[in-house]
Amino acid sequence: MAIEYLKRGKSDADRAEDDAKTRAVVEATLKDIETRGDTAVRELSEKFDNYSPASFRLSQQEIDDLIAQLSDRELADIKFAQEQVMNFARAQRASMTDIEVETLPGVILGHKNIPVQSVGCYVPGGKFPMVASAHMSVATASVAGVPRIIACTPPFQGKPNPAVIAAMHLGGAHEIYVMGGIQAIGAMALGTETIDPVHMLVGPGNAFVAEAKRQLFGRVGIDLFAGPTETMVIADETVDAEICATDLLGQAEHGYNSPAVLVTNSRKLAEETLSEIDRLLGILPTAGTARVSWQDYGEVILCDSYDEMLQVADEIASEHVQVMTDRDDWFLENMTCYGALFLGPRTNVSNGDKVIGTNHTLPTKKAGRYTGGLWVGKFLKTHSYQKILTDEAATLIGEYGSRLCLLEGFVGHAEQCNVRVRRYGGINVPYGAPAPYRDAAE
């Protein structure tokens, strides 16, 4: 096996040090929000966003005025993208059915899919107004039937962004707040004097937003750990350097710490892609950000075979995986750890980010090893129930339960079963004794 790195990013140790600094800042900030509520939120908003409105929550009139600033074309584009996301979410929701089965005569087991009762959706937007993120969280929660959906987004250039607010409102948000970062996450999860806390937090964000969600997990549910965006291109000589470089830099522009990785079995493609990236960084308007990401987090990995490419890809477990090879469906069949796949040169990560209909809130930092991305099912809780309809079934299950409880030493548990055996089966089981075997009793 000969896996060769033609370019490496920051070491794991350096990345861990960055994470530790972020952790400390978030911990102190959340404690401050929990202690001082609205006052802390306002101070943080003034400090980081230079934004301090009379109310962080937008009124219906403010929402209407912002939406009115959009052109008909802009509004139509937002509605088109939102409908694609909602169409796919509806199809996913339809696949999740409530069930009820009779497992034994008189024994009924079932489950119900119940929406989470309140959700806080974070929509990034301080640097780029992330219109699409509103579809992914707010609209998907709406399809799931969540009865209270609140949405937070930071101000863009000092004021609410009309397109983001329109997407939140059209998606079904019941409350819209203009606030960002740790203060938004903390306010939604912990609550303040003016914001009731939610049961679940969803949505992507920067490293501080992701860390805030991580620290709050348990007090509230979260969708997943969605930190800085990651992209991987798996390519062979069926594509050229321009398309590979474009797909890598298209995600590197997200932030200063966005990993972008090329995995290939072609040295020629690898070297040409490195050159093409240098060329594109000379003309890309967002090169100031993308160059730093590529320098610190970009990698080019040369493999001998497709099997090695698959192995490397599953080990990295990238958020977005663009596959452009002569065997794209082979990767679809065999890859096990990733956020989402984008198969073939005709598609790309931007399709998924903005319009095609799949959800773009996806696992990062290897979380794709144990979870998929945000989808309508994340907003649903599957709760089981059981009922026994006949005396015969109550006796049968009670007998087994009695003996199995005592096998573990739980006398009180056993007695819950025994009382049913005595009452519904007419079998005299002494207190704390195991129910007899039916054949022995007979």
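General remarks:
- Among all positions in the stretch 52-67, there is no residue which is buried (at least 17 other Cβ atoms within 10 Å of the Cβ), part of a helix (DSSP H, G or I) and at pLDDT below 95.
- Matching helices (runs of 4 or more DSSP H) fully within the stretch 305-416 where at least 1 residues are within 21 Å of LEU249 (Cα to Cα) and open to solvent by 40 Å² or more (accessible area, probe 1.4 Å): 306-316, 349-354
- Screening ARG267 against (1) within 31 Å of the chain's Cα centre (by Cα); (2) more than 23 Å from SER133 (Cα to Cα) leaves a single unmet condition, (1).
- Of all the listed residues (PRO147, PRO124), the sole one being without any contact (Cβ under 8 Å) to a residue 40 or more places away in the chain, open to solvent by 10 Å² or more (accessible area, probe 1.4 Å) and over 21 Å from ALA54 (Cα atoms) is PRO147.
- Of all residues in the stretch 250-265, those satisfying the criterion of being buried (at least 24 other Cβ atoms within 10 Å of the Cβ), more than 19 Å from TYR306 (Cβ to Cβ) and either of a type outside the set (S, T, N, Q) or at pLDDT 95 or above (or both) are ALA252, HIS254, PRO259, ALA260.
- Subset of the stretch 266-291 [open to solvent by less than 50 Å² (accessible area, probe 1.4 Å) and assigned to a helix (DSSP H, G or I)]: LEU269, ALA270, THR273, LEU274, GLU276, ILE277, LEU280, LEU281, ALA287, THR289, ALA290
- Some residue of the stretch 217-236 being of a type in the set (Gly, Ala, Ser), assigned to a helix (DSSP H, G or I) and surrounded by fewer than 24 Cβ atoms within 10 Å (Cβ to Cβ): no
- Pairs with Cβ under 9 Å, 6+ apart, first in the stretch 273-287 and under 14 Å from GLY298 (Cα atoms), second of a type in the set (Val, Ile, Thr) and open to solvent by less than 30 Å² (accessible area, probe 1.4 Å): THR273/VAL233; THR273/THR264; THR273/VAL300; LEU274/VAL300
The values are calculated or read from the model by the stated rules, or taken from the named source; none is laboratory data. Note that the structure is a prediction, hence the values are computed from the model and not measured. With ideal geometry, Cβ positions are generated from the backbone for all residues, glycine too; neighbour counts draw on all protein chains shown. What goes into the accessible areas is simple: the full protein's heavy atoms, side chains included, and nothing from ligands, DNA or RNA. Shrake-Rupley method; radii C 1.70, N 1.55, O 1.52, S 1.80 Å.
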